[in-house]
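What follows is a short report on a single structure.
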């Protein structure tokens, strides 16, 4: 079944578009539902994770939030939700970039000019503090930009990363919903054996990375994971203290893995000749 992955931009009305679209499709909208699971896995307060993902975290919070773990667990939870088949729309947290390789996922950016978004947020927050609102929007976008550059190697604002870009300064919410739904009905975005296999491989990669991060034996492992039809290939250089056998054992026990090929290498400490 087709799926919509949307960006989340403050004041863009993307949240309203997503809500109406999910209602029209009769399936679930996922946004903050994943926050509780992420907080539990990372042993953080839910408010801490929410603030970080929204770009509002302070210096101390940013220093104490493991950004790599957050990205790994977010991808894992997002793909588990997609695999469940109950979700119609995924809003925010890089879902549009994470799921971009899957042909039956419609990647959408809902946007509006900066000034329009400032005015909307001032109205929504019932404040006349323009400087505060402008700062919050910029902080959010800086955080979004840093995350997408680091984990996807892209500039999230470029239109080529989306199948559809909608400007809510010109288009009302109802028209945006109509345009997305119309795209969902085209043959281009229907599930195929190939697109389902791509999703399955992408999901298995995410589940393996999450399992490695969650196990104390391999939490520090920096491993490249590739998956194809249940066959997982591991490559990279293991840091001192991370055992190859433990790494393979963790991956072998991930549901859906049928075979593990290890191309892992162990880091070798340099030898120094002592002067006599």
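So the values come out like this:
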item: Every residue from segment 166-187 that is surrounded by fewer than 15 Cβ atoms within 10 Å (Cβ to Cβ) and either more than 20 Å from residue 24 (Cα to Cα) or touching a helix residue (DSSP H, G or I) at 6+ places or on another chain (Cβ under 6 Å) (or both); result: 167, 169, 170
item: Checking residue 222 against (1) touching a strand residue (DSSP E or B) at 6+ places or on another chain (Cβ under 8 Å); (2) outside the structural domain of residue 152 (by TED's automatic domain parsing); (3) within 17 Å of residue 163 (Cβ to Cβ), the condition it does not meet; result: (3)
item: Unmet criterion (only one of (1) crowded, with 17+ Cβ neighbours inside 10 Å; (2) without any contact (Cβ under 8 Å) to a residue 60 or more places away in the chain; (3) closer than 30 Å to residue 248 by Cβ) for residue 153; result: (1)
item: Test: residue 84 is surrounded by fewer than 22 Cβ atoms within 10 Å (Cβ to Cβ), at pLDDT below 95 and farther than 27 Å from residue 178 by Cα; result: no
item: Filter result for the condition that a residue is part of a loop (DSSP other than H, G, I, E, B), modelled with pLDDT under 80 and on the phi < 0 side of the Ramachandran plot, over 57, 143, 71; result: 57
item: Number of positions in segment 203-253 that are over 20 Å from the mean Cα position of the chain (by Cα), outside any helix (DSSP H, G or I) and crowded, with 19+ Cβ neighbours inside 10 Å; result: 6
item: Unique match (being part of a loop (DSSP other than H, G, I, E, B) and under 30 Å from residue 118 (Cβ atoms)) among 169, 191; result: 169
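The values are calculated or read from the model by the stated rules, or taken from the named source; none is laboratory data. What you see is a predicted model, and the numbers here were worked out from it, not measured in a lab. We place every Cβ from the backbone using ideal geometry, glycine too, and count neighbours over all the protein chains shown.
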